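Q: The following block contains the structure, expressed as C-alpha cells.
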Amino acid sequence: MAWRYALTIDPVVSDDTRDDFADTFTVIDPAAPALSVGELSTQRGDGIFESIGVIDGHPQEVSAHLERLAHSARLCDLPAPHTGQWRQAVEVAAANCELGEYVIKLILSRGVEHCPAPTAWVTAAPAADFAESRTRGIRVVTLDRGFDSAAAARAPWLLLGAKTLSYAVNMAAIREAKRRGADDALFISSDGIVLEAPTASVILRIDGTYITPAPTGQILHGTTQLSAFEWLRSRGLATEYREVPASDLLKTDAAWLVSSIRLAAPITAIDAVPLANDVEFTAALNAYLLSPRD
C-alpha cells in the first residue's frame, strides 16, 4: 500500500474544553521509518485500530468508527481516545486524500515497552480496487474459529469484540480459504454458530429478511453492516439481529460480506455450494455505501 499521508498524535489530552487539537499532531513522512524498535504494536500486536473509507475526500461513518475505537480501548485497557482530537485528525488526513477511494487508518498502541505513554498515529492511502468483488462476488468457506459461542462472556481476555492489531489469525484464515479454492472465510463457532469473516461482517437473506449475527461480544459490530441495515429499513425491508446456526446457511438465498473498504461483496458460494448473486440489489446497496455518510 502506497501511503500518501501520515501524522502522529499525542493521545494524552487532559483539557476537555478545547476544540482545536492541531498542536497535538505531527505530520511525518509516510515513507520514512517512524516507530521505535520497542514499540509494542509491532512486537506484540498490542494495540487497536480502525479503517475508515474515504470517498472523494469524504470520510465515511466517522462517528461509528470512533465509537468502536473507544469500545476497543475499553476492552484492551488503553486510554480512552479523545473523540474531538481523533475526529480532527481524520479531517486533516481526509483533506490530503484525492478524488476516488482512500482508506484512513487510526492506530492506538500501548506504546514503547517500559514507557508509560501510548503511541498513536493516522495514515491515509489509496484503497485497493474491489470493483470485481463488488460485482462478480466472492466464494467463501466456513472455518471453525476454535471457540464456542459463549467464549467472549466466559473469557473476556480473549478480546473477541475488540478490533486489535493482532490480525495474524485473521490473515491465516484467509490464506486457508484460498488453499481451499475460495476467496475468503466465514468463521463458525465450535458449537455451530455463524460469526463473521476475518475482515468483514456477514449479512444473510433468509425468507426476505436480512439477518446478521447478533453483536454479543463474540464478534465486531460492523460499521458498514450498521449502515446497510439503515438503508434496508429505509426501503421497507426487514432486518434482524439474532444467533444464526450454521444450518441456516443452507436456507440462505443471498448473502454478502460487508466492510468499510470492500463495501458489499456478494457471496456466490459457501463451501462450494452455489449461491445466487442478486446483481441489481447489490449494485443499489453499493451505490448507497459509496454515497457520503457521516
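Q: Under 6 Å by Cβ, and 6 or more places apart or on different chains, what pairs join a residue from the stretch 197-220 that is without any contact (Cβ under 8 Å) to a residue 40 or more places away in the chain and within 23 Å of ALA173 (Cα to Cα) with one that is in a strand (DSSP E or B) and basic (Lys, Arg)?
A: Qualifying pairs under 6 Å: ALA214/ARG242.
Q: Here is a further query. Determine, yes or no, whether ALA182 is over 18 Å from the mean Cα position of the chain (by Cα), surrounded by 14 or more Cβ atoms within 10 Å (Cβ to Cβ), among the small types (Gly, Ala, Ser) and assigned to a loop (DSSP other than H, G, I, E, B). Outline the logic, then answer.
A: Numbers: over 18 Å from the mean Cα position of the chain (by Cα): yes; surrounded by 14 or more Cβ atoms within 10 Å (Cβ to Cβ): yes; among the small types (Gly, Ala, Ser): yes; assigned to a loop (DSSP other than H, G, I, E, B): yes.
Yes; evaluated as a whole, the condition is true for this residue.
Q: Can you pull out every residue in the stretch 224-251 that is closer than 12 Å to VAL202 by Cα and crowded, with 16+ Cβ neighbours inside 10 Å?
A: THR224, GLN225, LEU226, ALA228, PHE229, VAL244, LEU249
Q: Report, by residue number, each residue of the stretch 14-31 that is under 16 Å from ALA120 (Cα atoms) and either aliphatic (A, V, I, L, M) or part of a strand (DSSP E or B) (or both).
A: Of everything in the stretch 14-31, those that are under 16 Å from ALA120 (Cα atoms) and either aliphatic (A, V, I, L, M) or part of a strand (DSSP E or B) (or both) turn out to be ALA22, PHE25, THR26, VAL27, ILE28.
Q: Related question: Which residues, counting only those in the stretch 119-157, are in contact (Cβ under 8 Å) with a residue 60 or more places away in the chain, under 28 Å from SER190 (Cα atoms) and charged (D, E, K, R)? First the steps, then the outcome.
A: Initially, the stretch 119-157 is screened for residues in contact (Cβ under 8 Å) with a residue 60 or more places away in the chain, giving 119-128, 130, 133-142, 147, 149, 151-153, 156.
Checking which are under 28 Å from SER190 (Cα atoms) leaves us with 137-142, 147, 149, 151-153, 156.
Matches in the stretch 119-157: ARG139 only.
Q: If you don't mind, there's one more thing I want to ask. Among what's in the stretch 85-108 and is over 19 Å from the mean Cα position of the chain (by Cα) and surrounded by 15 or more Cβ atoms within 10 Å (Cβ to Cβ), pick the residue that is farthest from GLY222 (Cα to Cα).
A: ASN96
Q: Looking at this structure, is ILE211 at pLDDT 95 or above and closer than 30 Å to PRO156 by Cβ? So that I can check it myself, show each step before the final result.
A: Details: at pLDDT 95 or above: yes; closer than 30 Å to PRO156 by Cβ: yes.
Yes: the conditions hold for ILE211.
The values are calculated or read from the model by the stated rules, or taken from the named source; none is laboratory data. This is a predicted model, so every value here is computed, not measured. Ideal geometry is used to build each Cβ from the backbone, glycine not excepted, and the neighbour counts take in all protein chains shown.
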